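To start, the structure itself, in structure tokens.
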Amino acid sequence: MPGIAAGDTRRHALGLEYDGGGFVGWQSQGGERAVQSELEAALSRVADEPVAVVAAGRTDAGVHAAGQVVHFDVHCERTHYGWLRGANSNLPDDIAVTWVRGVTGEFHARYSATARHYRYLVCERRSRPVLARRHAAWSYRELDVERMQQAADTLLGEHDFSAFRGAHCQAHSPVRTLHELRVAREDGWISIDVTANAFLYHMVRNLVGTLLMVGQGEADTAWPARVLAGRDRRRAGPTAPAAGLTLMGAEYPQRFGLPPVVSPRLPHAL
């Protein structure tokens, strides 16, 4: 296909799905297997030029994505289907591009996002799960979902979330706005849906670890709010395992014309 005028570039956005179990995380790290590295290599082959990508969120090792959003700039011209099919032909079977759109230069996958959605899954049964072991945490004890929801409701809104901030967090401010923290049970599975304008390092997994202590009867429903007010990470619950966490998607202003965030059924449906 014809190229673009010399010096010009075009920006594209894409949706990405991946199983994080075999990666050190999203971000490229010194030759280790990272989602970013695999995607950049695949897109570079399609573009026949080096391609760098920027993501809505940097997921950790073992964390999955059903709706990661990425942008990249290229000089070449391809159809949206050409990008999708070409990228997927060059990606390993634990990563797939789900859609591609052309966007204006003002779009930024990270900074243009107005909210991110995560879901955490817990398998609730006596025996440990095998088929879903890479996609869910496990609780052999029955959890009190109502108590967990009562505790979750006290954490909504704009707060200093230092108590739920990982030790290696590099964010300039610990203040975030938590829009949703919803706990539900279905057929022996506990889902915890979390939405915020942005997240601190390990924030979701630390929130989940704290709520699990409430659900297991080890803390009262007012305890998470006291932990939040104290701003001391040492007083919160443990960091929940990475395997249970999935980035469901990111929200953007309508003017960018990106697909809406969806909530697909995750592998526990197997």
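To the nearest 20 debye, what is the magnitude of the charge dipole of the chain about its Cα centre, counting +1 on the Cβ of each Lys and Arg and -1 on the Cβ of each Asp and Glu?
On the way: 30 positive and 29 negative charges, 88 e Å.
Taking the Cα centre of the chain as origin, the dipole is about 420 debye.
Taking only the C-alpha atoms, wrap a convex hull around region 115-248 and report its volume per residue in Å³ as a whole number. Display every interim value, and only then the final one.
Details: hull volume 13.0 nm³, N = 134.
With only Cα atoms used, region 115-248 gives 97 Å³ per residue.
Compute the signed sum of charges (Lys and Arg +1, Asp and Glu -1) over the other residues within less than 13 Å, Cβ to Cβ, of Ala198. Mind showing how you got there, number by number?
Numbers: positive: Arg58, Arg110, Arg116, Arg165, Arg176; negative: Glu158, Glu251.
Neighbour charge sum, excluding Ala198 itself: +3.
Figure the gain on full extension for Ala222 and Thr114 (residue separation times 0.36 nm, minus the Cα-Cα span) and round it to one decimal in nm. Could you put the intermediate results ahead of the total?
Values: separation 108, 0.36 × 108 = 38.88 nm, distance 2.92 nm.
Extra length from Ala222 to Thr114 when fully extended: 36.0 nm.
Based on the inverse mean of 1/r over its pairs of different Cα atoms, what is the Kirkwood hydrodynamic radius of region 1-109, in Å?
Values: mean 1/r = 0.0717 Å⁻¹.
For region 1-109, inverting the mean 1/r across all distinct Cα pairs yields 13.9 Å.
For region 131-147, what does the Karplus curve 6.51 cos²θ - 1.76 cosθ + 1.60, with θ = phi - 60°, yield as ³J(HN,Hα) per residue in whole Hz, taken in order and with x for Gly and Pro?
Computed from phi, the couplings for region 131-147 are 5, 10, 4, 8, 10, 7, 7, 10, 10, 7, 9, 6, 9, 8, 5, 5, 5 Hz.
Enter the Cα centre distance for the pair region 32-54 and region 190-242, rounded to the nearest angstrom.
Cα centres, region 32-54 to region 190-242: 35 Å.
Can you give the percent of C-alpha pairs in the chain whose distance is more than 34 Å? Don't skip to the end; give the middle numbers.
Values: 7911 of 36315 pairs.
Everything past 34 Å amounts to 22 percent.
Could you calculate the FRET efficiency of Asp232 with His172 from 1/(1 + (r/R0)^6), where r is the beta carbon distance between them and R0 is 22 Å, rounded to 0.05?
Numbers: r = 20 Å, r/R0 = 0.90.
The formula returns an efficiency of 0.65 here.
For the chain, what is the mean residue ellipticity at 222 nm derived from helices alone (per DSSP H run of n ≥ 4: -39500 (n - 2.57); sum divided by total residues; nearest 500 deg cm²/dmol)? Numbers along the way, then the final one.
On the way: 5 runs with 54 residues, N = 270.
Computed mean residue ellipticity for the chain: -6000 deg cm²/dmol.
Looking at region 95-126, which trypsin sites (Lys or Arg not before Pro) are DSSP coil and have at most 14 other C-beta atoms within 10 Å of their C-beta?
Numbers: sites: Arg101, Arg110, Arg116, Arg119, Arg125, Arg126; in loops: Arg110, Arg125, Arg126.
Filter output for region 95-126: Arg125, Arg126.
Taken together, the values in this text are just the output of simple stated rules run on the coordinates, not laboratory data. What you see is a predicted model, and the numbers here were worked out from it, not measured in a lab. A quick note on method: Cβ atoms are made from the backbone with ideal geometry, for glycine too, and the neighbour counts reach across all protein chains shown.
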